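*Asks:* I'd like to ask some things about the structure below.
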Amino acid sequence: MNLQSTSILAAMLGIISVQTGAAVGKSIFTLVGPEGVAALRLGISALVMLVLLRPWRIWQPANLPGLIGYGVMMGAMNLLIYRAMLYIPVGVAVSIEVVGPLAVALLASRRRIDLLWIGLSLLGLVLLPWGSGQQGLDPRGVAYALGAAAAWGLYVKFGTRVAIHGKQAVASGMLVAALFGAPLGVVQAGEQLLQPWVLAIGLSVALLSSMVPYLLDMYAMRHLPAQVFGILLSASPAMAALAGWLVLGEALSLLQCAGVAAIAAACAGAALVGRRQ
């Protein structure tokens, strides 16, 4: 297997890891709630990264506003998407969430072809409620997913400002996210968070959702063109739907699957055409 093939495999494994972690996290919502899961994921990830990456080396006054904004959006994104998953399937929530960074990319563009990606993403959003019973999707879940989409879009904006600091920036952002996200989980779940087996699941969620995919993505981005990496990331909605089905038994209807596919195609198209221009 050559270097490019290995890098593509790493990127795909990273996507699988993130979405599997999301589904595993949802499996303990009845015990610690979405805020509790977010607290475990952010808190454990922050502690590990703090020890391994020593991010305080970049905590100069000039860097702090960008790092804090990056971390706040990271935490908001986690909290909101877990709240969304409380009411709607994982695959649907992630499909709505990815519209955030897609919108950021398209709003900065003036190409006519981007109207196609906007149309595809809107078509996907229209199809997602079909198949969730007579009542459709719970509006609370949709609202939280849209909030997560907005947070992800701002996360990308802040991320571009601090990307020069690499791993230390991610570790710093994770610490900021944990500082305001973890207390919410403690308030909701209390002593339940300290149960050994809950901590074990929390560690698995942190590994699957944050630490493992972060390392895999760093490897993939080092060896793949940004265009290829962006196209691979467009598989996130489909992977989320698959993980929700395998881990939680969340089967989507054919129309919902078509909606997921339309949003994924919009992300892939925007990444492919955007890098060619």
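The values are calculated or read from the model by the stated rules, or taken from the named source; none is laboratory data. Because the structure is a prediction, the values reported are computed rather than measured. Glycine gets a Cβ as well: all are built from the backbone with ideal geometry, and neighbour counts include every protein chain shown.
*Asks:* If I go through segment 158-168 residue by residue, how many of them are within 17 Å of the chain's Cα centre (by Cα) and either buried (at least 22 other Cβ atoms within 10 Å of the Cβ) or in contact (Cβ under 8 Å) with a residue 60 or more places away in the chain (or both)? Steps first, please.
*Replies:* First, pick out the residues of segment 158-168 that are within 17 Å of the chain's Cα centre (by Cα): 158-160.
Applying the additional criterion that residues be either buried (at least 22 other Cβ atoms within 10 Å of the Cβ) or in contact (Cβ under 8 Å) with a residue 60 or more places away in the chain (or both) yields 158-159.
Matching residues across segment 158-168 total 2.
*Asks:* Given the criterion crowded, with 24+ Cβ neighbours inside 10 Å, at pLDDT below 90 and within 21 Å of A264 (Cα to Cα), identify the matching residue among V94, V90, V99.
*Replies:* Every option except V99 fails the conditions.
*Asks:* Of the residues that sit in segment 187-211 and are within 30 Å of Q60 (Cα to Cα) and of a type in the set (A, V, I, L, M, F, W, C), which one is surrounded by the most Cβ atoms within 10 Å (Cβ to Cβ)?
*Replies:* A206
*Asks:* Among the candidates M12, M73, which residue alone is closer than 24 Å to S172 by Cα and surrounded by fewer than 24 Cβ atoms within 10 Å (Cβ to Cβ)?
*Replies:* M73
*Asks:* Continuing with the same structure: Show the residue pairs meeting these rules: Cβ distance below 8 Å; 6+ apart or different chains; first residue within segment 245-269 and within 19 Å of F29 (Cβ to Cβ); second residue of a type in the set (G, A, S) and surrounded by fewer than 18 Cβ atoms within 10 Å (Cβ to Cβ).
*Replies:* Qualifying pairs under 8 Å: W245/A251; V247/S27; L248/S27.
*Asks:* Any chance you could count how many residues in segment 137-188 are under 30 Å from S253 (Cα atoms) and aromatic (F, W, Y)?
*Replies:* 2
*Asks:* Hey, among the residues in segment 102-143 that are loosely packed, with under 13 Cβ neighbours inside 10 Å and basic (K, R), which one's modelled with the highest pLDDT?
*Replies:* So the residue we want is R112.
*Asks:* Let me ask another. Tally the residues that are over 19 Å from T160 (Cα atoms) and among the aliphatic types (A, V, I, L, M), restricting the search to segment 56-97.
*Replies:* Residues in segment 56-97 being over 19 Å from T160 (Cα atoms) and among the aliphatic types (A, V, I, L, M): 12 in total.
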